[in-house]
Amino acid sequence: MFTSSDNTSKKKKEERNLAWESAWAQFKSAPITGDQMFDKYSRQYPHNVILESFMATGLIGGLLFTFCFMFSFFKILRLRN
């Protein structure tokens with residue numbers, strides 16, 4: 001009864017994992033400065049902003065983006081309380 005839905009969900013999860021693995025491999029190929037916005041191995045967008053920032057901008061931009069993201073997140077949480 002749920003096999004079609006389960007298969008679709010499983011396929012999407014496998015595709016997402018492939019995109020993330022390819023993005024990580026691209027990051028490792030240019031870890032300091034990064035490479036490009038789209039994954040050059042699978043030609044897919046990783047749909048993960050943290051992973052994408054490291055893939056596209058390397059450690060420098062990835063750490064800066066992560067810091068800004070976390071700072072904003074905690075600032076919003078603090079404002080809500």
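The values are calculated or read from the model by the stated rules, or taken from the named source; none is laboratory data. None of the values given here were measured: they were computed from a predicted structure. All Cβ positions, even for glycine, are placed from backbone atoms using ideal geometry, and neighbour counts span all protein chains on display. Keep in mind that these areas ignore ligands, DNA and RNA; they rest on the heavy atoms of the full protein, side chains included. Shrake-Rupley method; radii C 1.70, N 1.55, O 1.52, S 1.80 Å.
Quick notes on this structure:
- Total residues in the range 47-68, condition β-branched (Val, Ile, Thr) and either surrounded by fewer than 13 Cβ atoms within 10 Å (Cβ to Cβ) or assigned to a loop (DSSP other than H, G, I, E, B) (or both): 1
- Scanning the range 15-46 for residues that are within 21 Å of residue 64 (Cβ to Cβ), open to solvent by 60 Å² or more (accessible area, probe 1.4 Å) and part of a loop (DSSP other than H, G, I, E, B), we see that the one that is modelled with the highest pLDDT is 32.
- Breaking point among (1) touching a Phe, Trp or Tyr at 6+ places or on another chain (Cβ under 9 Å); (2) assigned to a helix (DSSP H, G or I), for residue 71: (1)
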